[in-house]
Each structure stands twice: as structure tokens, then as C-alpha cells.
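The values are calculated or read from the model by the stated rules, or taken from the named source; none is laboratory data. Everything numeric in this text was worked out from a predicted model, so none of it was measured. Note: ideal-geometry Cβ built from the backbone for every residue, glycine included; neighbour counts use all protein chains shown. We work out accessible area using only protein heavy atoms, side chains counted, and drop any ligands, DNA or RNA first. Shrake-Rupley method; radii C 1.70, N 1.55, O 1.52, S 1.80 Å.
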Amino acid sequence: MEKLVVIGLGLKNENRKNVYQSLDELTRLIDTAGGEVVKQFIVFRDKIDPSYYIGLGKVYEINEYIKKNKVRTIIFDNELSPAQLRNLEEILDAKIVDRTRLILDIFSQRAHTKEAQLQVELAQLNYMLPRLTKKGIYLDNQVGGIGTRRGPGETKLEYDKRRILQRIDKIKKDLKKISLTRTVQKKLRIDSEIPTIALIGYTNSGKSTLFNKLLKSNESYADDKLFATLDPMVRKIKLDSGTNFLLIDTVGFISKLPHNLVESFKSTLEIIKDASLILEIIDITNQDIVKQQNITKEIIEQLNVSHIPLIKIYNKIDLIPKKLLKSYLKKFLITKNELFISAKDGLGIKKLLNRIEFYLKKFFITKTIKIKQDKFYLLNDFYKYCKVIFNYVEKNYILLKIKTTKTFYAKIRKLLVR
């Protein structure tokens, strides 16, 4: 396992608790990437050093430690500017990785679909572009380890600016083609009139575990690691009442998510905009629960989906001792839009399904309609897009009692009248 030193920086007016929490999250990211933190350095300053980020004196102190303890990798808990990275490389006798590069590395490991792989590579190239040097990019694969896996740097050691720009242009064209396919898929979803429910939330909150529980399968990869899954998955679910809906498992959120990565994955997150209902999954055991909820709220606002109904689902109550559960839950304001569950053990899942049913009822309508002989060609659509409760057949007409969405009923009614 690769041994690493991590470095955090706290500013004068910053809450020190946030600095420690951010470093704890960085440590979890490193664990996800397969590394081991052997030492933390936390530096408090009035302002960021534009040349050396943490100040020249502290850089020399850290360099002495890594030489003495034979540490080969240093990770900073923020994104370093190209100038800071160059200056630090002149002094520190180790590979230097910042938080952005670490997250890009993890995303590179987790991306499986062609679209996700292209999105990650695009973010990597945009990160690398201003960091070109005569020695090559700061992703030299001869060093190996965290921050150097599966990225564009593996295929060739020395990219120049022209080649990177060419590759960026090619990726954007490929993503545009995939986007057209996504548009077709979106049209098919809209035409099917099946409501869509999106799972969102902070990474490792249990979205994929809940996805599998509702689906009664293990299709979505779930693990106790950050960003266990990147690729959005859409599956059709049928409730006991016969109601159908599409469930979407999306990429998890995290603080200080690299801007390039957010931009690259926006097309993937666009699927949330089509949702009839959003389920925000929250890890009730996490100490940073309020901060994580605020980050999720910011991303919801960025995506312009604040108008979509949302249910807050506090997950992992199985990890709270039973004798403390009642008092623990009192900390949270329980409204009709909040539920407590354990996606792992199935606690509260029945309540969640009832709540989903309640919301979906607003989208459905039950009607009895008469279809004359000259409209029999529409029967296929009724059986495809509606739940047929019963039918009565006569020589010149058919009576159908159907359950369908209000929009589909309005559309089919016009065809019947016409």
C-alpha cells in the first residue's frame, strides 16, 4: 500500500472544524484510491502563499520529514495552481498530488461506461493543459501509484499543448454523439409516460444500496467507499399496486468537487431534470451531515431542479444503537418529506414505497373509455402505456377501464375524439 503525507491549510477566518473535517474526507478518498496516510500536516495562515501555498518554511519542514521517513507522495487538500505546483516540485523530493488530481484519479478507476470514461478524460485533460512543462505533464506514469492511473498520461509520457487540444476536441465530438443518443432515450422515456424517480446525495450515503433494495437485485455496484459507482443506472420498477416508475441511480456528490469534473458530468446529471420525484439519500451517522446536505442543495440549485418534489431519506439507522435511536432521531425535524431507513436491512422501506405511491398517484388517473371499431388500432398503445384493469368486448366497440398518467390520457382522448 502506498504511504502518503497529507497537507491541509486553514485560513485565519475559517472554522478550524471544517479544516479537520475536510482532511478526514481526504483521508477517505486516499483509502478509496488504495493509499495509506502516515502523517498529516495542518498549516494555519492569514492567507494562501501564492508561490508555495503553505509558505516556504513549512515546505522545507515537510521535505525533511519525507526524506527521513522515505515517503514518496504528498497530497494537498486543495487544488494547487500551476505556479505553486512548479515551485513545490523544485523543493519537495516526492510526487505532488492535489485534491483535484486525486478525485480525477478515483473517477478514472470507477468509470466503466464509454461516456463516463470520456467525461473523466476530458476533465483530466483540462486539468493537465495549464500544467505542461518541458519534463512533460505532472502525471508521469513512471512514478506510478495514486494520481497516475488510467489517465491520458499512461498512453504517452509527453503530450504537448497541440495534441491535448486535438484530443479535447475529439472527446467533445464523441460526447456530443452520445448526447444525441441520450436525447433519443429521453424522448422514449417521455413517450412511455412512466414517471421517473432520481436518487441523489453525497457519495457513500447508500444510494446504490437503496437502488438494489428497491430493485430487489444487486445490479448497481455498492461498496463502503467514496464514489463506488459513477455510471447512472436506470431501471423500471413495478409496485405491488401495479404502478410502474423508472428509478435512476446517479453519481454521488462531494465537497470541493473539481469544476472541470462538474462540467464534464453535467450531461449525465441532466437526467435528474426529467424526474417526477427526487429522493435525497443522507447518511444519518456522518458527522458532516449538515455540510453534506448544504452541498447537495447547492448542486440541486445549479441543476435548476429545486421545483421537483423531494423526499429526504436519512439512511443507515441500523448503525445507531437501539437505546439511542429515539433520542437521536429527535435531532431531526420529521415532516411528511422526511423518512428514516436502513437500505441495508430494509428498515423503513415499506414506508418509503408507500410515500412514493402517494406522490405517483398525482400523476395517474383511472378512467373507463369506449373504443369504437375504427379506433381499434389504438389498443396496442393502451396495453403498452396503461394498466388495463378490465375490458369488455362487443362487436362494434370495446370498453376499457385503465389506469394511466394524466398527460397520456389527455393525448389519447384527443385521438379518440378525432
Test set (1) of a type in the set (A, V, I, L, M); (2) over 21 Å from Ile289 (Cβ atoms); (3) crowded, with 17+ Cβ neighbours inside 10 Å - Ile313 fails condition number:
(2)
When residues of the stretch 177-205 are limited to those that are hydrophobic (A, V, I, L, M, F, W, C) and assigned to a helix (DSSP H, G or I), the one modelled with the highest pLDDT
Ile178
Selection status of Thr296, open to solvent by less than 90 Å² (accessible area, probe 1.4 Å), over 23 Å from the mean Cα position of the chain (by Cα) and in contact (Cβ under 8 Å) with a residue 12 or more places away in the chain:
no
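In this structure, does Tyr221 turn out to be of a type in the set (Ser, Thr, Tyr), at pLDDT 85 or above and in contact with a helix residue (DSSP H, G or I) (Cβ under 7 Å, 6 or more places away or on another chain)?
In short, no.
Is it the case that the stretch 281-294 has a residue that's closer than 21 Å to Leu247 by Cα and touching a Leu at 6+ places or on another chain (Cβ under 8 Å)?
Step one: list which residues in the stretch 281-294 are closer than 21 Å to Leu247 by Cα, which gives 281-283.
Filter once more, so that each one left must be touching a Leu at 6+ places or on another chain (Cβ under 8 Å): 281.
So far as the stretch 281-294 goes, yes, one or more of its residues are closer than 21 Å to Leu247 by Cα and touching a Leu at 6+ places or on another chain (Cβ under 8 Å).
Of all residues being farther than 11 Å from Ile75 by Cβ and surrounded by fewer than 19 Cβ atoms within 10 Å (Cβ to Cβ) in the stretch 28-38, which is nearest to the chain's Cα centre (by Cα)? Just the residue, please. Reasoning before the result, please.
Filtering the stretch 28-38 for residues farther than 11 Å from Ile75 by Cβ gives 28, 31-32, 34, 36, 38.
Now drop any that are not surrounded by fewer than 19 Cβ atoms within 10 Å (Cβ to Cβ), which leaves 28, 31, 34, 36, 38.
On the way: Arg28: 17, Asp31: 19, Gly34: 20, Glu36: 25, Val38: 29 Å.
The extreme case among them is Arg28.
Select from the stretch 72-85 the residues that are assigned to a helix (DSSP H, G or I) and either in contact with a Pro (Cβ under 9 Å, 6 or more places away or on another chain) or modelled with pLDDT under 90 (or both) and list them in ascending order. Before the answer, list the steps.
First, the residues of the stretch 72-85 that are assigned to a helix (DSSP H, G or I): 82-85.
Scanning the stretch 72-85 gives Pro82, Ala83, Gln84.
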Check off (1) under 29 Å from Gln109 (Cβ atoms); (2) part of a strand (DSSP E or B) for Gly10 and give me the number that stays unchecked.
(1)
Before we move on, is Ile317 at negative phi, touching a Gly at 6+ places or on another chain (Cβ under 8 Å) and in contact (Cβ under 8 Å) with a residue 24 or more places away in the chain?
yes
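Taking Lys291, is it open to solvent by 50 Å² or more (accessible area, probe 1.4 Å) and touching a Ser or Thr at 6+ places or on another chain (Cβ under 9 Å)? So that I can check it myself, show each step before the final result.
On the way: open to solvent by 50 Å² or more (accessible area, probe 1.4 Å): yes; touching a Ser or Thr at 6+ places or on another chain (Cβ under 9 Å): yes.
Against the criterion (open to solvent by 50 Å² or more (accessible area, probe 1.4 Å) and touching a Ser or Thr at 6+ places or on another chain (Cβ under 9 Å)), Lys291 qualifies.
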Which condition breaks for Glu25 when tested against (1) in a strand (DSSP E or B); (2) touching a Ser or Thr at 6+ places or on another chain (Cβ under 8 Å); (3) open to solvent by less than 30 Å² (accessible area, probe 1.4 Å)?
(1)
What's the total number of residues in the stretch 93-112 that are open to solvent by 10 Å² or more (accessible area, probe 1.4 Å) and outside any helix (DSSP H, G or I)?
4
Please state which of the following conditions Leu56 fails to meet, knowing it meets all the rest: (1) of a type in the set (A, V, I, L, M, F, W, C); (2) closer than 22 Å to Ser255 by Cβ; (3) open to solvent by 20 Å² or more (accessible area, probe 1.4 Å).
(2)
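Name the residue, out of Lys68, Lys3, that is free of Cβ contacts under 8 Å to residues at least 24 places away in the same chain, over 24 Å from Leu257 (Cβ atoms) and surrounded by fewer than 19 Cβ atoms within 10 Å (Cβ to Cβ).
Working: Lys3 fails: free of Cβ contacts under 8 Å to residues at least 24 places away in the same chain.
Among Lys68, Lys3, only Lys68 is free of Cβ contacts under 8 Å to residues at least 24 places away in the same chain, over 24 Å from Leu257 (Cβ atoms) and surrounded by fewer than 19 Cβ atoms within 10 Å (Cβ to Cβ).
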Can we say Ile62 is among the hydrophobic types (A, V, I, L, M, F, W, C), assigned to a helix (DSSP H, G or I), modelled with pLDDT of 90 or more and over 30 Å from Ile178 (Cβ atoms)?
yes
